[in-house]
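Notes for the one structure printed next.
Every number here is computed from the coordinates shown, using simple stated rules; none is lab data. A quick note: this is a predicted structure, and the numbers were derived from the prediction, not measured. Neighbour counts run over all protein chains shown; Cβ positions are idealised from the backbone, glycine included.
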Amino acid sequence: MSVSELPVKQVLSKGPIQLLTVVGVFVLGMLIVPDFATFSSIQAMLVIASFLGVAAIGQTFVVLIGGIDLSVPALIGAGNVIAARLAGNGMPSPVVILIVLGLGALCGAINGIVTSLWKLPSLVVTLATASVVGGAVLLWTNATLTGSAPQWLTTFTSAASGTGPIPLAPVVVLWLVLALLAQLFILRTKSGRQIYLLGANREAARLMLVSERGITTVCFALSGALAALSGLLLTGFTGAGLFTVGDPYLFQSIAAVVIGGTSLLGGRGGIVRSVLGSLTLVALTTLLIGLSLTSAAQQAVLGAVIVAVTALYGRDRALGDRI
Amino acid sequence: MIAKLAGLRRSPLAVVVTLVAILLVVNISLTPSMLAPAQLPNTLNLLVPSVLVAMASTPSVMSGRGGIDLSVGPLLGVVNVFLVGLLVPYGLGGAGTAIPILLVLGIVTGLVSGALVAFGRLQPVVVTLGGYLVLSGVALVVMPQPVGGVPDWVSYLSGSWFGGYLPRSVLLVVVAVAVWLFLKRRGAIGLILATGSDDRAAHTSGVRVSRVLCLAYATGGLFAALAGIGLSVLIQSGDPSIGKQYTLAAVAAVALGGNPLGGGRGTLIGPMLGALSLFLIQTLLSGAHVSSLWIQVVYGAVLLFAICTNSSIASRLTARPALGSP
Amino acid sequence: MSNAVVEARALSKRFGATKAVVDGSLSVAPGEIVALLGENGSGKSTLVKLLSGVLTPDQGEITVAGRPVRLRSPKAALDAGIVTVFQEILAARDRSVLDNLWLGNGSPIRSRAAVARRRELAGQAWRSLTGSDLDLDQPVGQLTLMQQQICVIVRALLRNPKLLILDEATSTLDVTLRDRLFDELRRRCAEGMACLFISHRMDEVMTIADGFAALRSGQVVGTRRRGETDAEELIRLISGREVGLGTPVRTARSTREDVTAVQLEDVRLRPGSQPFDAVVQRGEIVGLAGLEGHGQDELIKALAGLHRVHEGRLLLRHGEELRPVSGYRSGVADGVVYVPRDRKVEGMADVLPIIDNYSVPTLAQDRRFGFLRPRLTRSRFRRDAATVNFKPGKQDSIGRLSGGNQQKVIIARWLAAQPEVILLNDPTRGVDLKTKHELYEVFRGLAATGVAVVMLSSEVDELVHLMDRVLVFHDGSLSAELDGAAVTGEALVSAYFGSPRRELDRSGT
């Protein structure tokens, strides 16, 4: 479904501009940083992007209904720690996966139910649950490194692995498959269309028979499950469980969604855009690292870029046009 | 008096006032020494930055259109780091030079956010998110590692008058409140609230919405700068990474205080009391020797409870006659 | 015309490829009321925005008292003495009535003396227009829609404008208040104020205007003075063709069937109001009428399952039997659909494409193995769009359509649910004349297929023209039930005020 026709500048938010941005950053990287575009470098970037990307898919669902999920870092951390701890204790992997996804979905569902039942701003609700989850997990692990990653998971997330004939790490393929499924969901199912409607106009959506509670719960549950999954995948990458591994993803997941062109107001955007946004973000970070910027300077540049990119294609309508 | 208290029950401040009352009673019974003149300055020094940063988030939230200032935390960090890392070494650390510079720094940063929101028509979450990252980075670039050495007037502010009964750091809050009252008297707060309630109504009535938005964010920046001074008073040094954790606490304080995140309504005292509540929860739990990790859990739970209750109260307040819902 | 208060010369404005206003020229002299007439899409609202400073013209100039001005913002227009009441009620709903009345007017400094003076002046102005008092400290959001509209009108009047522009400002006012407003306008015009009056209601326009300016396709195609023209000529000017819709004529084509679709037994809308019975048959068009706030809005929402009446039974036909209303969702499932009053807020999502606004409630029809087939949706849409006479153009987003076209899409949406009863809450508000009549044909067509059409209307002409029967409400209960030929303008207005036989007297707001 195409995005509605908007005044000139915002027509830019349609179509290929996100793709151009990714390509642009990439080309810039190739020109400026040596070894930026080597095969192994790209593979590594894609793996990093996939952790972010999986969480960003979940964040996109929430943003599409006009909310924001600040519990993403806590759930990533929780997923990471729980997976490492349980796997380290010898629990069979399928069970671990189910538990992690289940807990993530449960947490998300709670976010969704509380938000829709009391009509609360999701910013604060997810902040609160993040605090509760974070505290709980930290208590469980006493805030130390814990557990270990099963071998298959380490291979799964290794940049050097391939997936059958495809020269991409399995985690990357997983990410892209999930993204595709998610995009299919929002474009071609009734619930998916209802998500857009709810984000675009809550009152009208209710009169058009959209169950606000149901859709909100589903979106937050998806976000929770995907964040927890991302944490689980990170276990393979880091080799152990540490809660704080989720911290950078708070702003990164929002940034990926925003750079991708999904509006924080809801009702506009999509999953594919967030894929592109994640790629852009990772390419940018790699570029900055390649320029030998300290992590402090990286942060600052990242912040400026987010604002600049949004200025290109994420601006609100002028007051005169809204009257 | 009774009537006023009864009215309070239906006011958006009801929850936070009750919470503060309960927490104060419990805290004081548990640790009576909290209010002792020896302890009071320490307690207040700890409290002041949190209160000020909550106040810093208030005008941006009031101004509506998703208004929020996520950069207040890092901004207070930058102010702290600027003072210790730049002004002092270059001999500008005296009260007469440092204070105006720092306040201007806060105001200008706020103005930049406000201008991007007002004229750039960017969403506040995005702008201030960018601001958060830029300012965190800047703080680390200016001062990669914590450094000691504050000017005399900062040490002075950490003390108190009347033998401990009036900690001097309170002065910072008093200044902020005075600025607010001044703006209120000039009608600026009313304009911020009107803009937050419906910016189109304000615009078509001749209100210069862009200026009002810039004012809101600039005021927030000013309060954040005061918070940065307060932080310097507290830690008596410069620390580039402490500021960040204040941001989310500020948002929580605003929500606890009964100010709707959508803007258009609210008070200054609400977020102040919200910050006080969060602070009292922490002191309560650490006073009871509960692990700081439990504090996180309780903090989140109390926040959830408070905002649910606030929401029930608010929906009763704004209930319109003769309109149903599906 | 150098004594004109405001004159617009050759204004033009385009949005991308669309030329909204091509040659907007008009002038209003002090003391005169000029009606600006035009169908939706004629450029009326753009012209209003140009005059009020919300938009700036690409070309042309505006002069105030002979001097050219550049209206770069609403503030500039206000400073020049041009005060506008917009079609949408623009009020800061969290703020008090008093704050809203003085919003942006003068210095905002809140000294005690200043506040007291403003309270005084605001109270006087409100009383002068409405004849009653209001608690000025309550938030505007708690007022009824009509009170909110009065609020924005009084806000404009408090500025003592040189030119007052009223854009569909009477849409929520009941007959009493509209008359009081007209009196106030005449009073002020006698003192030199000029007024630009925009309304779709020909009866109002013919009553109040001294001059007429007809807008078509972005151009002022003709101006007339009072006395030298009639409604038919004006309509011809704005539509460019013969329509023959000047005076309301009853179309006696009732398709009423003998089967009851809606039955109201012993219904008491509010505590203390008189209980009443009523019935709506299949195939008929029944109007709900009355002054604002007298119960008809509550009743139609109650039938939709969105509101609870105080007492009584509301029954809807379901197959062979009549069953009580049991909630909004089950209502829709049973074939009772509701078209809400406030399009922008409740009726549609204006950033979404037209097809989404049409299809979402009935998407289950397009599902195959759990997934949607857009082709099915599109063909359904073509069919239903044809029924409502909606011609999809290049526009993709519903927000860009005219009000009338938006309403058509909304009605098409509910037609897709195959309704047996369609409840319409003031559906032609803000819709231009041509589209209104197209919608009337749609409603007639629906009734002819056996659908029971229940329509709340605030326009006397519409009630006379379209309805088979009208239920008039007063004070929360049924004041009169007019049938067939008895539906006349006079009978309706008398019924608005109580007993159909009572003399017209003032009713409170």
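Across the range B:40-243, the mean sequence separation of Cα contacts (distance under 8 Å, 6 or more residues apart), normalised by length, yields a relative contact order of 46 percent. For A:Gln299, the shell of other residues with beta-carbons less than 15 Å away shows a net charge of 0, using +1 for Lys and Arg and -1 for Asp and Glu.
Can you figure out the FRET efficiency of C:Arg383 with C:Ser330, using R₀ = 41 Å and their beta-carbon distance, to the nearest 0.05? The value I calculate is 0.95.
Across the range C:23-28, rounded Karplus estimates of 3J(HN,Hα) from the backbone phi angles (6.51 cos²θ - 1.76 cosθ + 1.60, θ = phi - 60°) give 8, x, 10, 7, 9, 10 Hz, Gly and Pro being marked x. Taking 19 Å as the limit for the C-alpha separation, the pairs A:Lys190/C:Lys344; C:Lys44/C:Lys75; C:Lys44/C:Lys434 exceed it in the case of A:Lys190/C:Lys344; C:Lys44/C:Lys75. Dividing the radius of gyration of the alpha carbons in chain A by their Kirkwood radius gives 0.97 for Rg/Rh. Working from label points 7 Å from Cα in the Cα-to-Cβ sense, the B:Leu181 to C:Asp266 distance is 6.3 nm. Over chain A, dividing the summed -39,500 (n - 2.57) contributions of all DSSP H runs of at least 4 residues by the number of residues returns a 222 nm mean residue ellipticity of -23500 deg cm²/dmol.
The residues neighbouring C:Phe371, those whose beta-carbon lies less than 10 Å from its own, together hold a net charge of +4 under the Lys/Arg +1, Asp/Glu -1 convention. Averaged over residues, the count of other Cβ atoms within 10 Å places the peptides B:163-172, C:195-204, C:64-73 in the sequence C:195-204, B:163-172, C:64-73, highest first.
When the helix-only estimate is applied to chain C (DSSP H runs of n ≥ 4, each -39,500 (n - 2.57), divided by the residue count), what is the mean residue ellipticity at 222 nm, nearest 500 deg cm²/dmol? Result for chain C: -9500 deg cm²/dmol, rounded to the nearest 500.
All Cα-Cα distances of chain B, cut into 20 Å bins from zero to the largest, leave 32, 58, 10, 0 percent in each bin in turn. Its residue count N fixes a reference of 2.2 N^0.38 Å for the range C:349-418, and the Cα radius of gyration divided by that reference is 1.04.
Expressed as a fraction of 2.2 N^0.38 Å, the C-alpha radius of gyration for the range A:98-234 is 1.26. Across the range B:82-87, rounded Karplus estimates of 3J(HN,Hα) from the backbone phi angles (6.51 cos²θ - 1.76 cosθ + 1.60, θ = phi - 60°) give 4, 4, 6, x, 10, 5 Hz, Gly and Pro being marked x. Here the range C:163-320 is treated as a sphere whose radius is the Kirkwood value from Cα pairs; by Stokes-Einstein at 25 °C and 0.890 mPa s it diffuses with a coefficient of 126 µm²/s. Among the DSSP helices (H) of chain A, those spanning at least 18 angstrom by Cα along their long axis with an average Kyte-Doolittle hydropathy of 1.6 or more are A:17-32, A:39-64, A:93-117, A:122-141, A:170-188, A:271-290; this is a geometric and hydropathy rule only.
The mean number of partner chain beta-carbon atoms within 10 angstrom of a residue's beta-carbon across peptide B:202-215 is 6. Distance between the 7 Å Cα→Cβ label points at A:Thr238 and C:Ala190: 8.1 nm.
Shielding value for A:132-140 is 5, the average number of Cβ atoms from other chains within 10 Å of each residue's Cβ. Per-residue ellipticity at 222 nm, computed for chain B from helices alone with -39500 (n - 2.57) per DSSP H run of at least four residues, works out to -23000 deg cm²/dmol. Only alpha carbons enter this Debye calculation for the range C:6-239, each as an equal point scatterer, and the log10 of I(q)/I(0) it gives at q = 0.11, 0.13, 0.18 Å⁻¹ is -0.56, -0.78, -1.39. Taking every DSSP bridge with both residues inside chain C, close to 55 percent are antiparallel.
Positive contributions from Lys and Arg (+1) and negative ones from Asp and Glu (-1), summed over other residues with Cβ under 10 Å from the Cβ of B:Gly114, come out at 0. With θ taken as phi - 60° and the Karplus curve 6.51 cos²θ - 1.76 cosθ + 1.60 applied, the whole-hertz 3J(HN,Hα) list for the range B:170-184 is 4, 3, 4, 5, 4, 4, 4, 4, 4, 4, 4, 5, 4, 5, 5 Hz, x standing for glycine and proline.
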